[in-house]
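Let me begin by presenting the structure, written as structure tokens, before commenting on it.
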Amino acid sequence: MKNRYMEGAFVLMKGMLIRYKSFILYAVFGVFTTIVNIATYYIFAHIVRLDTVVSTCLAWISGVLFAYITNRKYVFESDKIGVEAIVKEMISFFSCRLATGVVDVLLMYIFVDLLKFDDVFIKVLSNVVVIVLNYVASKLIIFRKDNG
């Protein structure tokens, strides 16, 4: 009897993993992208001693490059082939990321430079906002599957 419940739980878990695969992978690679972004920001802001906006922009570039590669290959398993299709996908990806990059820079400027909150704390919160916006854009716009 106990074995039957274990089998049922396994089937349920497997079904959930299949159903939410892209979201789970997006979350995993989102964590890695956030680490890349925050580490890059920290290096430029605290070690190289660049200002907040420049450090945020450099962190954004690093994070977007990492995110495009991982999202295209592992998360949304893009099937686009050919230079034209891939360039169009990249432009869409980078354009959406540019929009959320502006959100990131504005949040950092307002809360760190103007309101004097802790920069690393705000950077983490800003990344949460950006990750949610990026998932929605990726799922609904950039990597959506064509139905025909």
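The values are calculated or read from the model by the stated rules, or taken from the named source; none is laboratory data. Computed from a predicted structure; not experimentally measured. For neighbour counting, all protein chains shown are included, and Cβ atoms are generated from backbone atoms with ideal geometry for every residue, glycine included. To get the accessible areas, we keep the full protein, side chains included, count just its heavy atoms, and leave off ligands, DNA and RNA. Shrake-Rupley method; radii C 1.70, N 1.55, O 1.52, S 1.80 Å.
So what's the chain giving for Rg/Rh, alpha carbon basis, Kirkwood Rh from the mean inverse pair distance?
Checking Rg against Rh, the ratio lands at 1.10.
State the percentage of accessible surface on region 64-148 attributable to carbon and sulfur atoms; use a 1.4 Å probe and exclude ligands, DNA and RNA.
Summing carbon and sulfur atoms, their accessible area is 73 percent of the total for region 64-148.
Okay, helix-only estimate at 222 nm for the chain: each DSSP H run of n ≥ 4 adds -39500 (n - 2.57), divide by all residues, round to 500 deg cm²/dmol; what do you get?
About -24500 deg cm²/dmol.
Determine the gain in length on full extension of the stretch Tyr20-Lys80; use 0.36 nm per residue of separation and subtract their C-alpha separation, reporting nm with one decimal.
My answer for the length gained is 19.4 nm.
Accessible area per residue of the chain at 1.4 Å probe, in Å²?
Each residue of the chain exposes 66 Å² on average to a 1.4 Å probe.
Remind me, what semi-axes does region 1-78 give for its equivalent ellipsoid, largest first in whole Å, using sqrt of 5 times each Cα gyration tensor eigenvalue?
Working through the eigenvalues yields semi-axes of 39, 14, 6 Å.
Sort 73-84, 100-111 for me by packing, meaning the mean count of neighbouring Cβ atoms within 10 Å per residue, highest on top.
The peptides rank, most packed first, as 100-111, 73-84.
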